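Reviewing the structure listed below.
The values are calculated or read from the model by the stated rules, or taken from the named source; none is laboratory data. On a predicted model such as this, the values are computed, not experimentally measured, just so you know. Here the Cβ is made from the backbone with ideal geometry for all residues, glycine too, and neighbour counts use every protein chain on show. Note: areas computed on protein heavy atoms with side chains; ligands, DNA, RNA excluded. Shrake-Rupley method; radii C 1.70, N 1.55, O 1.52, S 1.80 Å.
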There are 2 protein chains.
Amino acid sequence: MTSERAKLLAADEPAIAAAHFAVEADAYGPDNPGGYVNLGTADNRLVWDLLAPRLGIPARRSDVHYGLLYGTPELRAALAGLLAPVWPGVGAEDLVVVSGATAALDILASALCDPGEAILVPAPYYAAFDTDLTARSGARLVPVHFSADNGFALDPAAVDRALAEARRDGVVVRAIAVTSPSNPVGHVHSRAVLRELVRVARSHGVDVIADEIYAYSTFGAEFTSMVGERGVHAVWGLAKDFGLSGLKVGVLATKDPEVLAAARALAYFAPVSTHTQALVADLLSDTGWVAGFLAESRRRLHESATRTMELLTRAGIGYVEPAGGFSLWVDLRPHLTDAGEHALWQRILRTGRVNILPGGVFASPEPGWFRLCHATAADTVATGVARLAEVLS
Amino acid sequence: MTSERAKLLAADEPAIAAAHFAVEADAYGPDNPGGYVNLGTADNRLVWDLLAPRLGIPARRSDVHYGLLYGTPELRAALAGLLAPVWPGVGAEDLVVVSGATAALDILASALCDPGEAILVPAPYYAAFDTDLTARSGARLVPVHFSADNGFALDPAAVDRALAEARRDGVVVRAIAVTSPSNPVGHVHSRAVLRELVRVARSHGVDVIADEIYAYSTFGAEFTSMVGERGVHAVWGLAKDFGLSGLKVGVLATKDPEVLAAARALAYFAPVSTHTQALVADLLSDTGWVAGFLAESRRRLHESATRTMELLTRAGIGYVEPAGGFSLWVDLRPHLTDAGEHALWQRILRTGRVNILPGGVFASPEPGWFRLCHATAADTVATGVARLAEVLS
């Protein structure tokens, strides 16, 4: 069920855009003399001959002029192909491409929630959810905390209880947002747990926002997507699995026609440059290269995680063993003082000159946990762990 | 004065981002062994060697990794240089780059208005204002109509009266939004009129959103910007003056520190690909080419407008003579029937197979006016006008 705001947005396609795409599909030209003459779109078509040689990019006119604002058909087709192994049954028409996974999360939150309504988040959770899911949508987050004793494993029964409790408290929960693979802990949730989570959500009439941006960055377990289940809307992007965070290409997938319509309308405010879309579509169409790249990236992530765990173990520092992602969820509880987690973080940052992020940022259920990202040069990680060990000793 | 929402947004910089940029400025490496080891950012730095050769773009790592989300320093510097002749006194630090002028307008509306508050717009006005300024911000538009008898000229006295009337009616107006050069009519407002408009706005305690996206597309009068005046926030982009509508590069300029802070926070949801930012920064840094391009574009627009006016005159079709922009505001009032403007539009589109946009889309004060965009091949325009004349005869 979409928000009131989303219904208004989806109903209100700008007239100029509608006319533009209708006539451009059958445009007048030397090879189509009976086509529509488009004198409606305020596009400067008098200067292409001046621009093309100077741009120095594959000079397809369509790559630098108005395109569909929720992703070119070429890029959406390439993404559907790329993601077919993890998002089976998802086609180009189910995808909305926007300028980053942040924008995709914001769009889903805005499409599902009116201001003041809530999204339940298993905690610890991806720190940027606080901004991504609430700042523009006006939704608020309700964390449900998991326990260190259980390695912070996702527990659908606890979600069930939290949803019942929220209803008792008069909180209108519209969605559960979950990172899968999980960030910061690095769990790759099992198919059984995810199925149960979706069942719980459905029994409470709430949707699921599945942030699956690390889908191809697993090494310790097989990834299962929630996509395709009714009421599930998933997000992916190029920032993690491809390491192309600057390109700001995010994509959301949904089988819900109302959410899709709202997402397409909201994509109007966060489109991706056609220049970048062309680059990415070309990259992804090279399927042989992509397969090799993803396999090698996964191999390196596994190697890096394993090596980092060895370093931490040797330094006497605990952690939760991850099955995916770029980080380790590190246990510095023994090093907490009365000054608290923030003070420990600042000591690590200022004295140790190592940046790791404190659990408080991830709404950790208890203080003393930190997220350490290992997906960088081995020497850098080794130096970081050595400095960390020194500052803690 | 910024909206309550904007104050919250500006106050709430994501902790991860803050730590990231602080430590990256003094990062550990072979040449900086005492620098910060950044194990805080979830960036996959293990795969650059695999990506760089395949991307086939100038392979600067910074062009595809996390950058400042309101525009790279290089692009903002290039934009400040480009716009210096029209936006004097505006520096890179006054600019926020986002994915399109639409996003920039949305951000200004959201920064200035809380939901339900109003923006006054001289009408006829740019059709997409209805979506750009209201759909996400929750603001609403209050049109102030100008008269065909006066060529729809911008009249600050009428704006003054409309603001007084709105206040009497209990409407909280936070801004005036004006296209300058005007779209759809093509006026290039005089310095005196713009000064008076800003004075009127200030006297009512409202800000000005100046959509100056056609700043370099004038030919019949000299363009004056409102930028630099207190309470004025301007928008520009690459879609019009450079004809690069697909690149989705919009920029806003403000000297108001609160609006700037809110705009930077909101830019997080609509960033531009660093790949495209690098392309544009490179293009704009070639100042000799840019000067020649803009002069030639202006010459062609003038020629095209002149030729189109001759065609219309010969066909007995009236218009308002423009001094800038891509369009002519065409007077089809003599051809209106009782069926109304929409029916006339559909006849022109379906029977004549010409797409021009009806004045209703632009909140025209009276029916029968249409916007005809001439900035395309001379043959296309000639065919369009001939078909138009035929369907009207």
- Among beta bridges that DSSP assigns inside chain A, antiparallel share in %, nearest 5: 50 percent
- Task: Check each of the GluC sites (Glu not before Pro) in region B:183-222 and keep only those in coil by DSSP with at most 12 other C-beta atoms within 10 angstrom; list them in order.
- Result: B:GLU222
- Task: Just the number, please: percent antiparallel of the DSSP beta bridges in the protein assembly as shown, rounded to the nearest 5.
- Result: 50 percent
- Go through region B:146-155 residue by residue and turn each phi into a ³J(HN,Hα) via Karplus (6.51, -1.76, 1.60, θ = phi - 60°); whole Hz please, and just put x for glycine and proline. 9, 9, 4, 4, 10, x, 6, 5, 5, 10
- For chain B, give the magnitude of the charge dipole about the Cα centre (Cβ charges: +1 Lys/Arg, -1 Asp/Glu; no others), in debye to the nearest 20. 640 debye
- Expressed as a whole-number percentage, the relative contact order of chain A with C-alpha contacts under 8 angstrom and at least six residues apart is 19 percent
- Message: Can you give me the C-alpha center-to-center distance between region A:347-393 and region B:256-311, rounded to a whole angstrom?
- Response: 43 Å
- Accessible area (Å², per residue) of region A:249-321, counting only protein heavy atoms and a probe of 1.4 Å: 37 Å²
- Item | Euclidean distance of C-alpha centroids, region B:116-180 and region A:183-206, integer Å | 48 Å
- Which value, in square angstrom to the nearest 100, describes the accessible area buried between chains B and A on both sides, using a 1.4 angstrom probe? 9100 Å²
- Message: Can you tell me the length gained on complete extension of the stretch A:GLU258 to A:GLU4, counting 0.36 nm per residue apart and subtracting the Cα distance?
- Response: 90.3 nm
- Measure off, as a whole percent, the carbon and sulfur share of the 1.4 Å-probe accessible area of the protein assembly as shown, all protein chains present. 53 percent
- Taking a spot 7 Å from the Cα of B:LEU336 along the direction of its beta carbon, which residues of region B:136-156 have an amide N less than 16 Å from it? B:145-152
- Sorted shortest first, the nm distances from the A:PRO257 label point (7 Å along Cα→Cβ) to its counterparts in the other copies are 5.3
- Query: Got a sec? Which residues of region B:129-147 lose 30 Å² or more of accessible surface with every protein chain in place, vs. that chain alone, 1.4 Å probe?
  - Reply: B:THR131, B:ALA135, B:ARG136
- Query: Roughly what % antiparallel, to the nearest 5, for the DSSP beta bridges in region B:151-271?
  - Reply: 35 percent
- Item | Reachable lysines, given that their alpha-carbon falls under 26 Å from the alpha-carbon of A:LYS7 and they are not under 8 places away in the same chain | A:LYS255, B:LYS248
- Item | Teacher prompt: A:ASP26 distances to equivalent labels in other copies, 7 Å Cα→Cβ, nm | 6.6
- Report the residues of region A:178-218 in range of a label on A:ALA157: point 7 Å along Cα→C-beta, backbone N strictly under 17 Å from it. A:190, A:192-201
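Given R₀ = 45 Å, what would the calculated FRET efficiency be for A:ASP379 paired with B:ASN150, taking r from the Cβ atoms and rounding to 0.05?
According to the calculation, E is roughly 0.05.
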- Mind checking the mean number of beta-carbon atoms from other chains within 10 Å of the Cβ atoms in A:262-272? 5
- Applying 1/(1 + (r/R0)^6) with R0 = 30 Å to the Cβ-Cβ distance of A:SER285 and A:GLU222, what FRET efficiency is obtained, to the nearest 0.05? 0.70
- Task: Evaluate the Debye formula for the protein assembly as shown with equal point scatterers sitting on the alpha carbons, no solvent, and hand back log10 of I(q)/I(0) at q = 0.10 Å⁻¹, in q order, two decimals.
- Result: -1.03
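Find how much the distance from B:THR306 to B:VAL172 grows on full extension, using 0.36 nm per residue of separation minus their present alpha carbon separation; answer in nm with one decimal.
The span from B:THR306 to B:VAL172 would gain 44.0 nm if fully extended.
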- Query: Over all residues in A:360-369, what is the mean tally of Cβ atoms on other chains that come within 10 Å of each residue's Cβ?
  - Reply: 1
- Query: Among B:PRO367, B:THR337, B:ALA25, whose Cα lies farthest out toward the positive end of the dipole of chain B, if unit charges sit on the beta carbon of Lys, Arg (+1) and Asp, Glu (-1)?
  - Reply: B:THR337
- Task: Put a label point 7 Å from Cα along the Cβ direction on A:ALA291, then list its distances to the equivalent points in the other copies in nm, shortest first.
- Result: 5.5
- Other chains near A:350-358: what is the mean number of their Cβ atoms within 10 Å of each residue's Cβ? 5
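Nearest 500 deg cm²/dmol is fine: what mean residue ellipticity at 222 nm does chain B get from its DSSP H runs of n ≥ 4 alone, each adding -39,500 (n - 2.57), divided by its residue count?
It lands at -12000 deg cm²/dmol.
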